[in-house]
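Below you'll find the structure, written out as structure tokens, and then a few comments.
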Amino acid sequence: MIAKKICMVGSFAVGKTSLVKRFVESIYSEKYQTTIGVKISKKSITINDQLIKLLIWDIEGDDVFTELKANYLRGSSGILLVVDGTRPKSYDNLQRLMSPIQRVLGEVPIVLIANKVDLIQEWKMDDSFLADMAEKNMGTFVTSAKDGTNVDAAFQDLAEKMMYFD
Ligand code: GDP
């Protein structure tokens, strides 16, 4: 079996920890639990009959991508870039999150997640933004860690891209 590291990247409170919990443990909790340092979760999935073990790194979240945090990216085969579709501030300046990724990893598969789509009334993300990202060769998914919409699909898509990329 092969193991692959992926990193969750995004501003604070966009739902990185909740997405990992939903994907790995199939649970959701309203309680806001700040990640201190880094938490590594594991889940094995099958892609084209091949079992791969995902090591999912959830990095302590705030808006500043320090040198220390950039170092956590090392060795990643793929990135889940998470924004909050109800909070434009979390994706106004995606380049700020993209540049350390590009600097540390060079070209690497990235899947963009616009999370919290269950909050329909507060949803602000427009489709043209997602289309722009798709043009940059990113997979894009609109998800909810709360009700589970598209969470497995986003992780699965990233893992597939990683398999073809290597
Ligand atoms: P992180 O800082 O990016 O790891 O964000 P968390 O996973 O800790 O989530 C931040 C807050 O947003 C918590 O209060 C979560 O319960 C909430 N949250 C996360 N995902 C969703 C979602 O899909 N829908 C809704 N409504 N709330 C969410």
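Just so you know, all these numbers are worked out from the coordinates, no wet-lab data involved. Quantities reported herein were computed from a predicted structural model and do not represent experimental measurements. For neighbour counting, all protein chains shown are included, and Cβ atoms are generated from backbone atoms with ideal geometry for every residue, glycine included.
Taking the Cβ of Ser29 as the center, what net charge do the other residues with Cβ under 13 Å away carry, scoring Lys and Arg +1 and Asp and Glu -1? Let's see the in-between values first.
Values: positive: Lys21, Arg22, Lys31, Lys146; negative: Glu25, Glu30.
Charge balance near Ser29 sits at +2.
Skipping prolines and chain starts, which residues have an amide H placed within reach, meaning under 5 Å, of the one on Lys5, given they are 5 or more residues away or on another chain?
Leu55, Ser77
Checking the table Lys21/Lys124; Lys5/Lys124; Lys31/Lys69; Lys4/Lys136; Lys53/Lys124; Lys116/Lys161 against a 29 Å threshold on Cα-Cα, which pairs fail?
Values: Lys21/Lys124 25 Å; Lys5/Lys124 31 Å; Lys31/Lys69 24 Å; Lys4/Lys136 23 Å; Lys53/Lys124 35 Å; Lys116/Lys161 24 Å.
Correct reply: Lys5/Lys124; Lys53/Lys124.
Taking neighbour counts of Cβ atoms within 10 Å as a proxy for exposure, in what order, fewest first, do Asp118, Asp84 appear? Intermediate results must be reported in sequence, preceding the final value.
Values: Asp118 16, Asp84 23.
In order of increasing Cβ crowding within 10 Å: Asp118, Asp84.
I want to check the label-to-label distance for Lys31 and Leu51. Put each point 7 Å from Cα in the C-beta direction and report it in nm to one decimal.
3.3 nm
Compute a Gaussian network model of the chain, connecting alpha carbons closer than 10 Å, and tell me which residue from Leu97, Leu105, Leu119 fluctuates the most.
Top of the fluctuation ranking is Leu119.
Pairs of alpha-carbon atoms within less than 8 angstrom and 6+ residues apart define the contacts here; what relative contact order does the chain have, in percent? Write down the numbers at each step before the final one.
On the way: 301 pairs, mean separation 42.9, N = 166.
Rounded, it is 26 percent for the chain.
Mind checking the full-extension length gain between Glu107 and Asp147? Use 0.36 nm per residue of separation minus the Cα-Cα distance, one decimal, nm.
Values: separation 40, 0.36 × 40 = 14.40 nm, distance 3.21 nm.
Length gained, Glu107 through Asp147: 11.2 nm.
Starting from the exponent 0.38 and prefactor 2.2 Å, build the expected Rg for the range 81-166 from its residue count and divide its actual Cα Rg by it.
Values: Rg = 13.0 Å, N = 86, 2.2 N^0.38 = 12.0 Å.
That works out to 1.09 for the range 81-166.
Taking H as built 1.01 Å from N, whose amide H comes closer than 5 Å to the amide H of Ile47, not counting residues under 5 places away?
Residues meeting the criterion, in which the H sits 1.01 Å from N, are Ile52.
When 1/r is averaged over all different Cα pairs and the result inverted, which Kirkwood radius in Å belongs to the range 107-155?
Values: mean 1/r = 0.0881 Å⁻¹.
Value: 11.4 Å, from the Cα pair sum.
Using only DSSP helix segments of four residues or longer, with each worth -39500 (n - 2.57), what per-residue ellipticity at 222 nm results for the chain after dividing by its residue count and rounding to 500? Walk me through the numbers before you get to the answer.
Values: 5 runs with 51 residues, N = 166.
Rounded to the nearest 500, it is -9000 deg cm²/dmol.
Under a point spin-label approximation (7 Å from Cα along Cα-to-Cβ), what is the Thr66-Gln95 distance to one decimal in nm?
In this crude label model, Thr66 to Gln95 measures out at 2.6 nm.
Just the number, please: percent antiparallel of the DSSP beta bridges in the chain, rounded to the nearest 5.
30 percent
Straight-line reach from Lys42: which aspartates and glutamates fall under 19 Å, measuring Cα to Cα and dropping same-chain residues less than 8 apart?
Answer for Lys42, where 19 Å is the Cα cut-off: Glu25, Asp58, Glu60, Asp152, Asp157, Glu160, listed by chain and number.
What number, in nm² with one decimal, is the all-direction average of the projected area of the convex hull of the alpha-carbon atoms of the chain? Can you show the working numbers first?
Values: hull surface 36.0 nm².
Result: 9.0 nm².
Can you give me the P(r) profile for the range 14-109? Cα pairs, bins 5 angstrom wide beginning at 0, each as a whole percent.
Over the range 14-109, the share of Cα pairs per 5 Å bin runs 2, 11, 20, 24, 21, 14, 6, 1, 0 percent.
Quick one: among Ser26, Ser144, Ser77, which has the greatest mean-square fluctuation in a GNM of the chain with alpha-carbon springs under 10 angstrom?
Looking only at Ser26, Ser144, Ser77, the largest GNM fluctuation is found for Ser26.
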